[in-house]
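Novice: I have a structure here, written as structure tokens, and I will follow up with some questions on it.
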């Protein structure tokens with residue numbers, strides 16, 4: 001049976017007088033008369049407690065996370081092959097978490113689908129031993145065509161692969177220098 005143009009026409013349940021942006025909840029209009037200068041919107045704490053889920057919850061806020069602005073630089077990672085080639089990342093004391101998420105200290109968000117969004121790997125600068133240690137957490141890491149099975153010391157010039165991404169490690173701190 002042939003379909004008439006009448007049946008192909010898109011029908012809208014909205015009155016013709018309403019504009020499309022009026023139906024978008026993200027374009028809500030605020031009555032500015034209701035707010036006075038200096039007024040702050042009410043906020044609620046929606047965080048999950050360990051009691052809510054029955055397990056221990058590790059909460060690390062951005063203010064607690066070490067960054068080069070808060071901690072002295074200890075080294076760098078540079079992508080030498082794969083998505084993001086040429087990008088560099090500063091490393092700090094303690095644990096540097098690698099993953100695709102924007103909240104990771106080393107955010108490898110360049111389209112490599114084989115990299116976990118969070119905690120793919122950890123690169124740790126241990127102040128007591130003055131050593132850098134690389135360990136896998138949520139994903140595989142390859143060094144010299146061998147899968148990383150446990151923590152491994154990294155030295156300047158070492159390279160490792162996560163997914164399709166090859167990273168080159170450069171240490172600033174170590175036995176000869178530390179802040």
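Novice: So for the range 87-105 (the condition being in a loop (DSSP other than H, G, I, E, B), modelled with pLDDT of 95 or more and within 26 Å of residue 140 (Cα to Cα)), does at least one residue qualify?
Specialist: yes
Novice: Now for a different question. For the range 67-86, give me each residue that is part of a loop (DSSP other than H, G, I, E, B) and either modelled with pLDDT of 95 or more or within 26 Å of residue 113 (Cα to Cα) (or both).
Specialist: Within the range 67-86, 67, 82, 83, 84, 85, 86 meet the criteria.
Novice: Going through 94, 75, 99, 82 one at a time, which residue ends up being more than 19 Å from residue 175 (Cβ to Cβ), over 17 Å from the mean Cα position of the chain (by Cα), in contact (Cβ under 8 Å) with a residue 24 or more places away in the chain and surrounded by 14 or more Cβ atoms within 10 Å (Cβ to Cβ)?
Specialist: Of the residues listed, the single one that is more than 19 Å from residue 175 (Cβ to Cβ), over 17 Å from the mean Cα position of the chain (by Cα), in contact (Cβ under 8 Å) with a residue 24 or more places away in the chain and surrounded by 14 or more Cβ atoms within 10 Å (Cβ to Cβ) is 82.
Novice: Still on this model: Here are some residues: 132, 169. Which one is modelled with pLDDT of 95 or more, in contact with a strand residue (DSSP E or B) (Cβ under 8 Å, 6 or more places away or on another chain) and more than 19 Å from residue 83 (Cβ to Cβ)? Walk me through how you get there before you give the answer.
Specialist: On the way: 169 fails: more than 19 Å from residue 83 (Cβ to Cβ).
Result of the check over 132, 169: 132.
The values are calculated or read from the model by the stated rules, or taken from the named source; none is laboratory data. None of the values given here were measured: they were computed from a predicted structure. Quick reminder, even Gly has a Cβ in these numbers, built from the backbone with ideal geometry, and neighbours come from all protein chains shown.
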